[in-house]
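Every number here is computed from the coordinates shown, using simple stated rules; none is lab data. The shown structure was predicted, so the numbers you read here are calculated from the model rather than taken from an experiment. Please note: Cβ atoms are built from the backbone with ideal geometry, for glycine as well, and neighbour counts cover all protein chains shown.
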Amino acid sequence: MSSPYFMQSSSVLARRGSQSAGSSPADSLRSKLTSRRKYDTVKVEAEEARINELGPSSAPLLTGIRLEHIHQLPAQVKTEPAPVKNPHGRRRRQLTVEYDRDDGVSPMKTENWEPPEWKKQLGFIREMRSSRDAPVDNMGAEKCHDTEAPAHVRRFQVLVSLMLSSQTKDQVTATAMQKLRAHGCTVENILATDDETLGKLIYPVGFWRNKVKYVKLTSAMLQKEYGGDIPNTVEGLVRLPGVGPKMAHLAMDIAWDQVSGIGVDTHVHRISNRLGWLKKLSKNPEETRKALEEWLPRELWSEINWLLVGFGQQVCLPVNPLCSVCLNQYSCPSAHKNSPAKKPKAEPSHTSNQKSTFKIKTEPQPETAVKDEMASKELTSLKYIIS
Ligand code: SF4
């Protein structure tokens, strides 16, 4: 009984009652028409406000309602500028503006952008990596599985070595994988192994306690959902506990021989930023992966991980990179910014024309790896020191 309609009707009735005593029929009719116009105007305004709120998707239905009400209105209301059209007009204009704003970031520019000297820099990195004696070359995830094992077991071992390698030096991962393989690195054996024993087998990989849990949970999922094999899609792989995009893309490449994306770890992330291989500095490896994939030719996606990881282990170190021996020191925007060595004044001719006699020192051997792993964790907490 408190609806505006009821109150309006009551007031009309009340006025009609008070007028009927001393007014003419013409006065009474005029009063009724005035009240009706006021009510219709209020109702139309309410409908318009509702249309504005609901937006253009409801336009056909609401337009019908609006026309119906307009049809009931006296002539003076019909001839007013059509207010309901304006909200839709404004909405369309807003959409156009948003589209224009998106369009301002030219897709052509993004697709065509590439770092000015990346081909020359990549060539130098290949040259610096030509001896293939970085830890990743002999102890990376590609080298940690049993080549004699059945295919599904090899793939599982690739995945496990990738899981163990996170925040861990290759030497430590390789040693842990050797112990695991001697124990029996299959889905069934891992599930039959208690957490304490598994912890002892993989210690001292980084975050080994968490990795015990992740490896067990992942093994259980693989047994239940994939018959003991690993998923053959990135989407399936990232569903596994402890498996992120970097591991998923590397697993696709190494285990399934399919290049699905660039595997970006801390080395690839750091070096891409230092070399100016990203349109703007990126904050994390996943951002770096997307930015690299925008311009780097797909046929290089697999090689780039291996190249940059080894280059980061031997030359472009996280702290104090060896810029003074790096063949890219004359084109790298970060050269000598993180290195105590003084920048040479001019580019020697051999870096541009002749084959260099590039010599580098390989990273410390496994016996010092535990100490280095602790240092590595401290560095990681500094969130990728980038110049
Ligand atoms: S010049 Fe220095 S910072 Fe640049 S890529 Fe070489 S080692 Fe890294």
Review point. How many nm is it between the label spots at LEU300 and LYS280, if each spot is 7 Å from the Cα in line with the beta carbon?
Key: 2.3
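Sorting check: for 231-240, 171-180, which peptide has the highest mean count of neighbouring beta carbons within 10 Å, and how do the rest follow? Spell out each step's value before the answer.
Numbers: 231-240: 17.3, 171-180: 21.6.
Result, highest mean first: 171-180, 231-240.
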Check your understanding: Using the Karplus equation 6.51 cos²θ - 1.76 cosθ + 1.60 (θ = phi - 60°), what ³J(HN,Hα) coupling, rounded to whole Hz, does each residue of region 223-240 give in order, writing x for Gly and Pro?
Key -> 5, 6, 9, 10, x, x, 8, 9, x, 9, 9, 4, 4, x, 5, 6, 6, 6
Check your understanding: What ranking of MET139, MET221 emerges when the number of other C-beta atoms within 10 Å of each C-beta is taken as an exposure proxy, fewest first?
Key -> MET221, MET139
